[in-house]
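Chemist: Can you read through this structure? Questions will come right after.
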Amino acid sequence: MNRFHVHLNVADLASSIRFYTELFAAQPSVVKDDYAKWMLDDPRVNFAISNTGRAPGVDHLGIQVERADDLSELGRRLDAAGGEVVPEPGAICCYANSDKMWTHDPQGTRWETFHTLGDATSYYAADASCGADGASCSPSSTQPTPTARASAAACCAPASSCC
């Protein structure tokens, strides 16, 4: 079964963890110095927050799948929807290793579809061309051209864009 994914950028991680812990009546399943995640069953959502230097607010939305075949099917659906799909296999971000696909909806909202393969020891895998805070790793609505989005997705290739 697929799981809806929401990732928010927050200004104060500790107070945000307290707020969402109370709201969801559950402790986060992952807590790091710059990140927290709740894997909730009611509602079925992968809800993540981070404090990595980006402006507070919605970073991106997504769908997490349980199987690689499901990710391929979502890729076909994204293609049919008309958005440019930027694949990102073997991404390391948000303390996880995942195969991903990124796109933008007609309003410019970033969408991530992904299949998690396992845990990772860092928030992102960076190379010398990535921003020091990892903020430049994932495709963003400020990069309008297909070449720029593909370049941003490959910034940390083979591993990663930020979740």
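The values are calculated or read from the model by the stated rules, or taken from the named source; none is laboratory data. Because the structure is predicted, anything quoted here is derived from the model rather than measured. Ideal geometry is used to build each Cβ from the backbone, glycine not excepted, and the neighbour counts take in all protein chains shown. Please note that ligands, DNA and RNA were not included when accessible areas were found on the heavy atoms of the full protein model with its side chains. Shrake-Rupley method; radii C 1.70, N 1.55, O 1.52, S 1.80 Å.
Chemist: Out of the residues in the stretch 80-99 meeting the condition of being assigned to a strand (DSSP E or B) and either acidic (Asp, Glu) or in contact with a helix residue (DSSP H, G or I) (Cβ under 8 Å, 6 or more places away or on another chain) (or both), tell me which one is nearest to Ser29 (Cα to Cα).
Modeler: Asp99
Chemist: Go through (1) modelled with pLDDT under 50; (2) under 24 Å from Phe4 (Cβ atoms); (3) of a type in the set (A, V, I, L, M, F, W, C); (4) in contact with a strand residue (DSSP E or B) (Cβ under 9 Å, 6 or more places away or on another chain) and name the single condition Trp102 misses.
Modeler: The failed condition is (1).
Chemist: Still on this structure: Can you confirm whether His7 is in contact with a Leu (Cβ under 6 Å, 6 or more places away or on another chain) and at pLDDT 95 or above?
Modeler: Judged against the criteria, His7 is not a match.
Chemist: Further question: Does Ala36 meet the test of being modelled with pLDDT of 95 or more and surrounded by fewer than 19 Cβ atoms within 10 Å (Cβ to Cβ)?
Modeler: No: the conditions fail for Ala36.
Chemist: Sticking with this one: Surrounded by 17 or more Cβ atoms within 10 Å (Cβ to Cβ), modelled with pLDDT under 90 and either under 13 Å from the mean Cα position of the chain (by Cα) or among the β-branched types (Val, Ile, Thr) (or both): which single residue out of Tyr95, Tyr123 fits that description?
Modeler: None of the other options fit; the residue is Tyr123.
Chemist: Taking Leu23, is it more than 22 Å from Ser122 (Cα to Cα), modelled with pLDDT of 95 or more and more than 16 Å from the chain's Cα centre (by Cα)?
Modeler: no
Chemist: Quick check: is even one residue across the stretch 9-29 touching a Cys at 6+ places or on another chain (Cβ under 7 Å) and open to solvent by less than 60 Å² (accessible area, probe 1.4 Å)?
Modeler: no
Every residue, every condition in (1) hydroxyl-bearing (Ser, Thr, Tyr); (2) surrounded by fewer than 21 Cβ atoms within 10 Å (Cβ to Cβ), yes or no:
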{"residue": "Val45", "(1), (2)": "no, yes"}
{"residue": "Ser50", "(1), (2)": "yes, no"}
{"residue": "Gly62", "(1), (2)": "no, no"}
{"residue": "Lys100", "(1), (2)": "no, no"}
{"residue": "Pro106", "(1), (2)": "no, yes"}
{"residue": "Thr116", "(1), (2)": "yes, yes"}
